[in-house]
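Inspection log for the structure reproduced underneath, given as structure tokens.
The values are calculated or read from the model by the stated rules, or taken from the named source; none is laboratory data. Note that the structure is a prediction, hence the values are computed from the model and not measured. All Cβ positions, glycine included, derive from the backbone under ideal geometry; neighbour counts span all protein chains shown. These area figures cover heavy atoms from the full protein model, side chains too; ligands, DNA and RNA do not enter into them. Shrake-Rupley method; radii C 1.70, N 1.55, O 1.52, S 1.80 Å.
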Amino acid sequence: FMMDNGLDFQSFFYLLSSVIETGTNLELKNTNTNDVIFDLTKSAAEFYLNDIRRSANISVGGEQVPQADTLETIFKVVEVKWLETSLNTINTGLSQRHIYYYLHASKILGFTDNYRNVTVSGQQLIEADDITKLKIAAKSFERSHCGWAWIQWSEVSNLSELDPSSAEDFLKQQCFTLSRETLKRRARTLKHWCERLKEYYISY
């Protein structure tokens, strides 16, 4: 039912997890008739959680898919953020919209956090040489939700085994929150990242 109607597995997974964690029941009523439309108990949440766990692991939300093509620009944005705190069109050479895209990509890779602060991984990236930066990015992309979901969906072991050309099919089947045109653009970004980073991937 969820697949047929394009419902977000991750959101439902988090809802079920919250019901279980808090030990509460969720009841949705029609305010006009007082009829119960939806009733979710803790025991039901535990039952359904097991059923959708894998689907939630391989599905992705639009916010988990990058939209910044150039990896070196991501590295630059992280470094500028670390050195100067604020980002603008002068110190990045990007428009405000693209600054957001590249900050979003740096968060996906774990180089910045939810508050746009540079993480330990981001600091390690800044200190690394150009080749090592790409090696760090390859492992970081594999560890990201989007990267790992793609790997599981493809039924391969790691980033080096991914087929870059499968990016669009992956998003079509596992991302339900993007429009068709946006999905195609994000798929091109994923394809580019995969093609570039596979060369620098180190398995351990």
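The condition of being under 19 Å from ASP8 (Cα atoms), at pLDDT 95 or above, in contact with a Phe, Trp or Tyr (Cβ under 9 Å, 6 or more places away or on another chain) and not aromatic (Phe, Trp, Tyr) holds for GLY147.
Residues in the stretch 61-80 that are outside any helix (DSSP H, G or I) and without any contact (Cβ under 8 Å) to a residue 60 or more places away in the chain: THR70 only. The set of residues from the stretch 132-187 being among the β-branched types (Val, Ile, Thr) and part of a helix (DSSP H, G or I) comprises THR132, ILE136, ILE151, THR182.
For the stretch 49-60, filtering for residues that are open to solvent by less than 30 Å² (accessible area, probe 1.4 Å) and either acidic (Asp, Glu) or not in a helix (DSSP H, G or I) (or both) leaves 2.
When LEU28, LEU49 are checked against the criterion of being more than 30 Å from ARG97 (Cα to Cα) and touching a helix residue (DSSP H, G or I) at 6+ places or on another chain (Cβ under 6 Å), LEU49 stands alone in meeting it.
Taken over the stretch 64-112, the residue count meeting the criterion of being loosely packed, with under 14 Cβ neighbours inside 10 Å and charged (D, E, K, R) is 3.
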